[in-house]
Amino acid sequence: MEESLSSKNFIEEFIEQDIREKGLSHIQTRFPPEPNGYLHIGHAKALSIDFSMAEKFGGSCNLRFDDTNPTKEDEEFVDAIMDDICWLGFHWAHVFFGSDYFDTCYELAVKLIKKGVAYVCDLSKDEMREYRGTLTEPGRNSPWRDRSVEENLALFARMKAGDFPDGTRTLRAKIDMASPNMNMRDPAMYRIIHMAHHHTGDKWCIYPMYDFAHPIQDAIEGVTHSLCSLEYEAHRPLYDWVVEQCEFQQKPRQIEFARLNLTNTMMSKRYLRRLVEEGFVAGWDDPRMPTLCGLRRRGYTAESIRDFLSRVGVAKADSVVETAMLEHCIREDLNAHAHRMMAVLDPIRLVVDNWPENTVQNIALDNLPGDETAGVRALPFGRELYIEREDFSYDPPKKYFRLKPDGEVRLKGAYIVKCTRYETDAAGNVTTVYCTYDPETRSGEGQRKVKGTLHWLPLQSAVAAEFRLYEDLLLPESGEAEALDFTQRLNPASIVKRHGFVEPGLAACPVGSRYQFMRVGYFCADLDHTAAAPVFNRIVSLKDSFKVVN
RNA sequence: UGGGGUGUCGCCAAGCGGUAAGGCACGGGACUUUGACUCCCGCAUUCGUAGGUUCGAAUCCUGCCACCCCAGCCA
């Protein structure tokens, strides 16, 4: 973990200031996801800020499901969200539901009516929009704005009792229809929705709006700092208004920060949902998805994601972080821990002509060079092997260090071999390469060096495996194409399957285990992996500075 | 257009009146039985822009420009 980013972000400075000036003794934050989808890496940024700010100041962070709209939410997502947070390694103090506070919200709404700062409005949705005015013109007062407290109280009670159909009335805050801030033009606080709620069942048919419920939830829980993304900045005056009117003594402070964006990745739930529902991906945990379950299945470690988040930082400027940064973090993590194995994704046969028939020699290979405690394993070297198709060329470009006619390479951990001839099929594809080995060059013996080293597998005992190679789901934005639907930007090569071989020992590896396949990339045994049918996801390729110059 | 925000290297991001941190990416070199890793070196005379204040400005002031958010009975 890089703690090099020693400077404080602006939120820490605000909190320190509050501790200094308001004498706060306990810092309380909250992570408030709406249970209507799976968490993605953008949520991970938000939650990591919520949890780490609390932790940094010795406070605590609650997990609160923001479930004030029964039409969109589902219990299905609650457990998944908790799983993802745990997986990332964060710990909440308490789990709450916004719906836990429905009674209090109702009482406070009644309080506001009694104070004359809330009223029941009979305007339809369209009428309300008309009355609201525009960005440049002030709105007009609702004709229902000046109902008596008694009438409002009676009407609100009837709303709660279910006397009115959906959409016929709302409870509105009485603020200022001429406010330059649209959010202050008598915003709705309660609407009528005759629908069962995943937590409260049929108890309610009126539900509080986010703008009313959120500050109340925060205040009740003793949240000192309510951290959220930039789009809520214009809601802060309303947030403060609710806290003030409800007369909470301890006033939570809302602070906004920029959300995370990644290149060639869309983070909106609407978009992710379409990918899943329209079959562009296999599910929420498709390894190409930016969801936490997708990244996890792909093979990303929680550590690498947290490291990434700490490197990205916290600020208020809109930004788009390059995926290369994320990839760097997982490479750095796996480079230190992932055992080095051999896998040939696109095999061709290599025959060692001067190797005796039916003879093998066990080659010892370090699991993790530089770390003896990781141990060694043996791989049988014999007359017939597999090498990677791209590691042989009969018409090599300049600076080609791999196998070519009359050229020499070392087979990793074994011998130096010299290419003598090759065979092709009718189409000109190489089918078999022939070579001779130099017995004096067994690994660790002899002085000869060659420029290239190839990974290989014994033909006899290699185990067939499927490799799934992933790239970004979306192609880069092409200038004016921004108006195009995302389906026009889908990368046809976002998943490519290869059928090759792995070391025999890898068939029985556990699902989720990660390896570096030497010279190829970092891979993870997929959920679909079995000993009988091994499947590996490419988490990320190795960096490759080989450039064909010509 | 009214309001609220933001503009520092290709991408993130420090900087808080004393003369541009760091990371990623990129380029060069060393090392190498992974063209990986590691290690060196390079990479903003300039901070959206134009003025002003000051001995001194990315930091203060003024104007302008660009981009983002707000007109849900979504969150």
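Close Cβ contacts (under 6 Å, 6 or more residues apart or on different chains) running from residues in the stretch A:13-31 that are under 17 Å from A:I220 (Cβ atoms) to residues that are of a type in the set (G, A, S) comprise A:H26/A:G59; A:I27/A:A54; A:I27/A:G59; A:Q28/A:G59; A:Q28/A:G222; A:T29/A:A54. Do the conditions hold for A:E466, that is, is it out of contact with any Cys (no Cβ under 8 Å at 6 or more places or on another chain) and closer than 24 Å to A:F381 by Cα? Here the answer is yes, as A:E466 does meet what is asked. Contact annotation: residue pairs with Cβ atoms under 7 Å, 6 or more positions apart or on different chains, pairing a residue in the stretch A:41-70 that is more than 18 Å from A:I255 (Cβ to Cβ) with a partner that is among the aromatic types (F, W, Y) and surrounded by fewer than 24 Cβ atoms within 10 Å (Cβ to Cβ), are A:L63/A:W92; A:F65/A:F97; A:D67/A:F97; A:T68/A:Y207; A:T68/A:Y210; A:N69/A:Y207; A:P70/A:Y207. Among the criteria (1) open to solvent by 40 Å² or more (accessible area, probe 1.4 Å); (2) under 26 Å from A:Q254 (Cβ atoms); (3) under 30 Å from the mean Cα position of the chain (by Cα), the one A:K115 does not fulfil is (3). If I filter the stretch A:469-486 for residues that are away from RNA strand B (no atom under 16 Å from the Cβ) and either closer than 20 Å to A:R340 by Cβ or open to solvent by 70 Å² or more (accessible area, probe 1.4 Å) (or both), do I get at least one hit? Yes. When A:P439 is tested against (1) open to solvent by 50 Å² or more (accessible area, probe 1.4 Å); (2) under 21 Å from A:R389 (Cα atoms); (3) more than 12 Å from RNA strand B (Cβ to nearest atom), exactly one condition is not met: (2).
Looking across the stretch A:182-205, just one residue is of a type in the set (S, T, N, Q) and more than 12 Å from RNA strand B (Cβ to nearest atom), and that is A:T200.
Looking at the stretch A:166-179, which of the residues that are more than 10 Å from RNA strand B (Cβ to nearest atom) and open to solvent by 50 Å² or more (accessible area, probe 1.4 Å) is farthest from A:P208 (Cα to Cα)? My answer is A:D176. Taking the stretch A:311-339 as the range and being under 19 Å from A:W87 (Cα atoms) and surrounded by fewer than 17 Cβ atoms within 10 Å (Cβ to Cβ) as the test, only A:H337 passes.
Return a yes/no flag: does the stretch A:383-405 have any residue that is at positive phi and near RNA strand B (Cβ under 10 Å from one of its atoms).
Yes; the residues of the stretch A:383-405 include at least one that is at positive phi and near RNA strand B (Cβ under 10 Å from one of its atoms).
Residues that are of a type in the set (S, T, N, Q) and under 20 Å from A:I387 (Cα atoms) occur in the stretch A:499-522; there is at least one. Scanning the stretch A:446-459 for residues that are open to solvent by 30 Å² or more (accessible area, probe 1.4 Å) and either within 15 Å of RNA strand B (Cβ to nearest atom) or within 34 Å of the chain's Cα centre (by Cα) (or both) yields A:G446, A:Q447, A:R448, A:K449, A:V450, A:K451, A:T453.
Here is a list: A:Y522, A:Y515. Which entry is under 21 Å from A:H455 (Cβ atoms), within 16 Å of RNA strand B (Cβ to nearest atom) and touching a His at 6+ places or on another chain (Cβ under 7 Å)? None of the others qualify; the one that does is A:Y515.
Any idea which of A:N69, A:N62 is within 22 Å of A:T224 (Cα to Cα) and touching a strand residue (DSSP E or B) at 6+ places or on another chain (Cβ under 7 Å)?
Answer to the check: A:N62.
Against the list (1) within 15 Å of RNA strand B (Cβ to nearest atom); (2) part of a strand (DSSP E or B); (3) not acidic (D, E), the condition A:P380 fails is (1). Inclusion of A:F536 among residues that are in contact with a Lys or Arg (Cβ under 6 Å, 6 or more places away or on another chain), within 16 Å of RNA strand B (Cβ to nearest atom), assigned to a strand (DSSP E or B) and not aliphatic (A, V, I, L, M) is not warranted. Listed by first and then second residue, the pairs linking a residue in the stretch A:257-269 that is of a type in the set (D, E, K, R) to a residue that is assigned to a helix (DSSP H, G or I), with Cβ atoms under 6 Å apart and 6 or more places separating them unless they lie on different chains, are A:R259/A:G42. Restricting attention to the stretch A:335-376 and to residues that are assigned to a strand (DSSP E or B) and in contact with a Gly (Cβ under 6 Å, 6 or more places away or on another chain), the residue that is farthest from RNA strand B (Cβ to nearest atom) turns out to be A:P347.
Looking only at residues in the stretch A:539-550 that are β-branched (V, I, T) and open to solvent by less than 50 Å² (accessible area, probe 1.4 Å), the one that is nearest to RNA strand B (Cβ to nearest atom) is A:V540. When the test is whether a residue is near RNA strand B (Cβ under 9 Å from one of its atoms), open to solvent by 10 Å² or more (accessible area, probe 1.4 Å), over 18 Å from A:C105 (Cβ atoms) and in contact (Cβ under 8 Å) with a residue 12 or more places away in the chain, A:P237 passes it. Is it the case that A:A462 is touching a residue at least 12 places away in the same chain (Cβ under 8 Å), more than 16 Å from RNA strand B (Cβ to nearest atom) and under 23 Å from A:A282 (Cα atoms)? No: the conditions fail for A:A462.
Anything in the stretch A:180-191 that is in contact (Cβ under 8 Å) with a residue 12 or more places away in the chain, more than 34 Å from the chain's Cα centre (by Cα) and surrounded by fewer than 21 Cβ atoms within 10 Å (Cβ to Cβ)? List them, or say none.
Once the filter is applied, which keeps residues that are in contact (Cβ under 8 Å) with a residue 12 or more places away in the chain, more than 34 Å from the chain's Cα centre (by Cα) and surrounded by fewer than 21 Cβ atoms within 10 Å (Cβ to Cβ), the stretch A:180-191 yields only A:M184.
The values are calculated or read from the model by the stated rules, or taken from the named source; none is laboratory data. In this text the structure is predicted, and so the values were computed from the model without any measurement. Cβ atoms come from the backbone with ideal geometry, glycine included; neighbour counts cover every protein chain shown. Surface areas here come from the heavy atoms of the whole protein model, side chains and all, with no ligands, DNA or RNA. Shrake-Rupley method; radii C 1.70, N 1.55, O 1.52, S 1.80 Å.
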